[in-house]
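Here the structure is laid out as structure tokens; the discussion comes afterwards.
Only the coordinates and a few stated rules stand behind these numbers; no lab work does. Every value quoted in this text rests on a predicted model; they were computed, and no experiment measured them. Reconstructed Cβ throughout: ideal geometry from the backbone, glycine too, with neighbour counts over all protein chains shown.
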Amino acid sequence: MASAYRGRFAPSPTGPLHAGSLVAALASWLDARAHGGSWLVRIEDVDSPRCVPGADHEILRQLAACGLLADEPPQWQSHRRAVYQAALEQLVDAGLAYPCACSRQDITLALQAAGRERTRHGQLVYPGTCRDGLQGRAPRAWRLRVPPGTVGWTDRRLGPQSQDVAREVGDFVLKRGDGLHAYQLAVAVDDAAQGITHVVRGADLADNTARQLLLQRALGLPHPSYLHAPLVLGAGGEKLSKQNGAAALELADPLAALVAAGQTLGLVIAAGNSTADWLGKATRAWPART
Ligand code: GLU
């Protein structure tokens with residue numbers, strides 16, 4: 001019987017895959033295979049100014065070279081803006097989202113005036129200025145009305161997690177001033193639309209989970225389970241990323257790339273004859289905890 005498991009790898013095409021993003025791709029593929037489930041690829045190009053032309057197809061070529069093939073045609077978020085807009089309107093109609101007129105500078109000034117300039121990963125914690133109306137100012141962005149209290153979930157690797165989103169993040173953006181829908185909204189909508197039951201991604205994204213759980217709840221969507229995989233660290237202990245110049249994955253030796261990615265995931269499996277052979281052994285070695 002086919003498993004109900006549906007997993008996905010959701011790269012942002014801001015550059016080719018590097019050693020760090022391959023770990024996330026491999027972890028999600030192995031978890032899907034070990035559960036006898038389906039594995040999907042979603043190109044997260046909703047933030048179009050950050051995308052690099054051609055990076056989407058390059059990523060798909062790199063995945064294919066490593067033997068990581070999706071079970072369904074890949075989906076592009078940029079084709080789905082109408083769906084994100086409908087979700088936003090559902091939230092607005094339910095009184096759960098509101099327009100915001102604040103610029104970054106307005107937010108900084110409001111926080112300074114309140115004597116609590118707080119940031120989280122470089123983002124200002126929104127003080128709620130426009131929660132009760134725009135006071136005649138022109139709307140720029142749309143935000144979720146975050147309920148007070150702690151959001152908790154159990155990560156399959158990290159264990160029990162919790163975040164007080166209202167206090168630590170504030171009412172977060174669903175649609176930006178430049179008219180683009182935010183990552184949080186697009187991911188929550190797409191994970192549900194694609195029937196994703198298990199999210200497996202890099203630990204750098206764990207911090208987004210509480211926001212996505214809140215959005216799922218507000219939109220009446222199911223909650224997938226979450227596993228945040230270890231990150232590949234650079235020489236200085238920093239997370240390897242396209243932003244800090246991580247080298248693109250070398251297509252000439254995909255087997256060596258898989259072996260290295262497997263090691264980050266705690267899988268010590270010799271290269272063997274082929275990517276298919278290695279992936280088979282890695283699937284059998286993967287601890288398919290649910
Ligand atoms: N597109 C996000 C990234 O590349 C990943 C989103 C996710 O897996 O939820 O960082």
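Counted by Cβ distance under 13 Å from L221, the other residues give a net charge of -1, where Lys and Arg count +1 and Asp and Glu count -1. Per residue, the chain reaches -10000 deg cm²/dmol at 222 nm when only DSSP H runs of four or more residues are counted, each adding -39500 (n - 2.57). If you wrap the Cα atoms of the chain in a convex hull and average its projected area over all directions, you get 16.3 nm². In a fully extended conformation the segment linking A276 and Q161 would gain 37.9 nm over its present Cα-Cα distance, using 0.36 nm per residue.
Sites listed here are trypsin sites (Lys or Arg not before Pro) in the stretch 216-290 whose DSSP assignment is loop and whose Cβ has at most 15 other Cβ atoms within 10 Å: R289.
Rounded to the nearest 10 degrees, the angle from helix 81-93 to the longest Cα principal axis of the chain is 40 degrees.
Overall, the stretch 144-196 carries a charge dipole of about 40 debye about its Cα centre when +1 sits on the Cβ of Lys and Arg and -1 on the Cβ of Asp and Glu, all other atoms neutral.
Relative to the Cα centre, the charge distribution of the chain, modelled as +1 at Lys and Arg Cβ and -1 at Asp and Glu Cβ, gives a dipole magnitude of about 500 debye. Would you mind classifying the stretch 1-153 by shape? Square roots of the alpha carbon gyration tensor eigenvalues, ordered a ≥ b ≥ c; an a/c under 1.5 is rounded, otherwise it is prolate if a/b is larger than b/c and oblate if not. Taking the square roots of the gyration eigenvalues as a ≥ b ≥ c, the stretch 1-153 is prolate.
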